[in-house]
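Following: one structure in structure tokens, then a few remarks.
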Amino acid sequence: GLRRWLTRVQNHYNVKPIIYTGEDFYNRFLYEDFEDYTVWVANYNFLVETIEPDWNFWQFTDKATIPGCKVDVNIFNGDSLQLKKLLIKK
């Protein structure tokens, strides 16, 4: 079901969707079958010091703040050109 949904989204937007998931779910159910997709992993374990090579994005906290707002903090495992390729084309 997930692959069918991802295909429909890709066909509609002309860009491959990003899979957002928790680390445990990714490791147990997605890692082998969806390695051709960009992965955004939520892992709030501060014992991890660097982003895993197969994670494209790492959301490492949901407790940061900017004035007046609580925010998540994420790291992208690439450069600005690689990030631009993931955007929906207008």
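The values are calculated or read from the model by the stated rules, or taken from the named source; none is laboratory data. From a predicted model like this one, the values you see are computed outputs, not experimental measurements. Heads up, the Cβs are rebuilt from the backbone with ideal geometry, glycines too, and the neighbour counts pull from every protein chain shown. The area values use the complete protein model at the heavy-atom level, side chains included, leaving out ligands, DNA and RNA. Shrake-Rupley method; radii C 1.70, N 1.55, O 1.52, S 1.80 Å.
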Practice item. Within the range 64-88, track down each residue that is in a strand (DSSP E or B) and either within 15 Å of the chain's Cα centre (by Cα) or in contact (Cβ under 8 Å) with a residue 12 or more places away in the chain (or both). Key: 72, 73, 74, 75, 76
Exercise for review: Of all residues in the range 54-73, count the ones that are closer than 28 Å to residue 37 by Cβ and loosely packed, with under 11 Cβ neighbours inside 10 Å.
Suggested key: 1
Study note, to complete from the structure: Residue count, the range 22-50, condition of a type outside the set (D, E, K, R), assigned to a helix (DSSP H, G or I) and open to solvent by less than 100 Å² (accessible area, probe 1.4 Å), comes to 3
Check your understanding: residue 19 is checked against (1) in a strand (DSSP E or B); (2) at pLDDT below 95; (3) of a type in the set (A, V, I, L, M); (4) under 13 Å from the mean Cα position of the chain (by Cα) and fails just one. What number does that condition carry?
Key -> (2)
**Study point:** Which listed residue is among the aliphatic types (A, V, I, L, M) and surrounded by 11 or more Cβ atoms within 10 Å (Cβ to Cβ), from 86, 81
**Key:** 86
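For (1) modelled with pLDDT of 90 or more; (2) of a type in the set (S, T, N, Q), each residue gets a yes or a no:
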position	(1), (2)
40	yes, no
45	no, yes
51	no, no
65	yes, yes
70	yes, no
73	yes, no
86	no, no
89	no, no
Practice item. Within the range 4-15, identify whether any single residue is outside any loop (DSSP other than H, G, I, E, B), loosely packed, with under 12 Cβ neighbours inside 10 Å, at pLDDT 95 or above and among the basic types (Lys, Arg), and answer yes or no. Key: yes
